[in-house]
1. Taking the condition surrounded by fewer than 23 Cβ atoms within 10 Å (Cβ to Cβ), within 22 Å of G45 (Cβ to Cβ) and at pLDDT below 95, does R125 pass?
2. Output yes when any residue across segment 194-203 is in a loop (DSSP other than H, G, I, E, B), open to solvent by less than 40 Å² (accessible area, probe 1.4 Å), among the small types (G, A, S) and within 23 Å of L387 (Cβ to Cβ), and no when none is.
3. Is it the case that segment 13-30 has a residue that's under 20 Å from the mean Cα position of the chain (by Cα) and more than 24 Å from P395 (Cβ to Cβ)?
4. Are there helices (runs of 4 or more DSSP H) fully within segment 298-396 with at least 2 residues that are over 27 Å from T196 (Cβ atoms) and without any contact (Cβ under 8 Å) to a residue 24 or more places away in the chain? List them.
5. For segment 136-161, give me each residue that is more than 9 Å from the chain's Cα centre (by Cα) and surrounded by fewer than 24 Cβ atoms within 10 Å (Cβ to Cβ).
6. Which condition does F404 not pass, out of (1) assigned to a loop (DSSP other than H, G, I, E, B); (2) out of contact with any Pro (no Cβ under 8 Å at 6 or more places or on another chain); (3) at pLDDT 95 or above, if it passes all the others?
7. Of (1) under 27 Å from D115 (Cβ atoms); (2) in contact (Cβ under 8 Å) with a residue 12 or more places away in the chain, Y68 satisfies all except one. Which?
Amino acid sequence: MAMKNLIVGQSGGPTAVINSSLYGVVSEGFAHSDQIGHVYGMVNGIEGFLNDTILDFAKELPGEKLEYLKTTPGAYLGSCRYKLPEDLKDPVYPRLFQKFQEMNIGYFFYIGGNDSMDTVSKLSRYAQQIDSDILVLGEPKTIDNDLILTDHTPGFGSAARYVATTVREIVVDASVYEKKAVTIVEIMGRDAGWLTASSALARRYEGDNPFLIYLPEVDFDVEKFLKDVENSFQKSASVIVCVSEGIHDASGKLICEYDSDVGCDTFGHKMLSGCGKYLENLLRNRLNVKARSVELNVCQRCSSMTISETDQEEAVMAGRFGVKSILDGNTGKMISFVRESDSPYRLTCGLEDVNRICNQTKTVPLSWISQNGSDVEKEFLTYAKPLVQGTVKVPMDKDGLPAFVYRK
């Protein structure tokens, strides 16, 4: 009987190390050529697979070209926001598994966040339902760090490093003036404030900017915010405020909705943006101070120059561990990180039931947030500091710019 083939896809928002996880899966797949035939990639995820857009890694990235994946941000295979139907009797499922059979697929990997783990859950349950021998595993990915049953997710460490670095640069830039001024930094984070909390790593000493940090785990009060800013002027004329894009008031209304209507994506998630601009105008009108807002937007997830070496190594490790696990017969699982100690920092990989993970959200513990709701406690710093360590040397092209790999 012919050896089974492996196929891998990427889904959701990219990160600086999602391709490192891909590298781990692909390189480990090649290393088991006695058990795995071809290593294929789905171009644009499950949606692309349905449209027959597939590549063969042996042909697409032969030899040393594969190494460049580790320092290429974004999703090399392309992404999608395709949501599989809840009803496993939907015609799309037999269509998918017919395609798997035609390609002799025995091993399916999906690299992504919460919604991607939902896809892994549905495919593995359908496989079990029809008694298919296809094994399905999820590789975690998200800068939001909001997947449960794992210490953290690949992508978070590099994004946290970018946020901390950029906020420190903003702090230094804003400190050159004596006139009262507020800079608001809007950071990604819908329901969980992990990434915004990482702005606290920017502080060079206790009491340094950013003076105020607001996460979606705590209700945001506009009047309290104005008082917090006024009190911060006692420390410095320059005040840096970091806010999650998903901050909301006690009624659940998003602060970005105060100023505009907010649409939804295909998964029903509100598309967030604009709370920083609203607060900027509020400060200017109510406190009569100079104010500006900076939205970090996609830069926080696509910067190759601030990749955390720890993050990259762990992403590769998760990919390799996944291949070894699937060859051992595991299915319906997500690769997890298990922290063994903070100092020295050590962790191992594990496996968790993906059905327990999908459609759940891990938030920053309230005990890690200050009682006044405008800062984080030392426990968060202890947790986050190891994840942003180490500098990765990014290969450069002849023009002195990063050398990335692109699909043809």
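1. Working: surrounded by fewer than 23 Cβ atoms within 10 Å (Cβ to Cβ): yes; within 22 Å of G45 (Cβ to Cβ): yes; at pLDDT below 95: no.
The answer is no for R125.
2. no
3. Within segment 13-30, one or more residues are under 20 Å from the mean Cα position of the chain (by Cα) and more than 24 Å from P395 (Cβ to Cβ).
4. Those helices (runs of 4 or more DSSP H) do not exist here; none qualify.
5. Listed by number, the residues that qualify are I148, L149, T150, D151.
6. The number of the failed condition is (2).
7. Only one criterion is unmet by Y68, namely (1).
For every residue, the table says whether it meets (1) open to solvent by less than 50 Å² (accessible area, probe 1.4 Å); (2) over 30 Å from L226 (Cβ atoms); (3) touching a helix residue (DSSP H, G or I) at 6+ places or on another chain (Cβ under 9 Å); (4) of a type in the set (A, V, I, L, M, F, W, C).
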position	(1), (2), (3), (4)
I357	yes, yes, yes, yes
E379	no, no, yes, no
K385	no, yes, yes, no
Q389	no, yes, yes, no
V394	yes, yes, yes, yes
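The values are calculated or read from the model by the stated rules, or taken from the named source; none is laboratory data. The model shown is predicted, which means the values in this text are computed figures rather than measured ones. Methodologically, a virtual Cβ is constructed for each residue, glycine included, from the backbone with ideal geometry; neighbour enumeration extends over all protein chains shown. We work out accessible area using only protein heavy atoms, side chains counted, and drop any ligands, DNA or RNA first. Shrake-Rupley method; radii C 1.70, N 1.55, O 1.52, S 1.80 Å.
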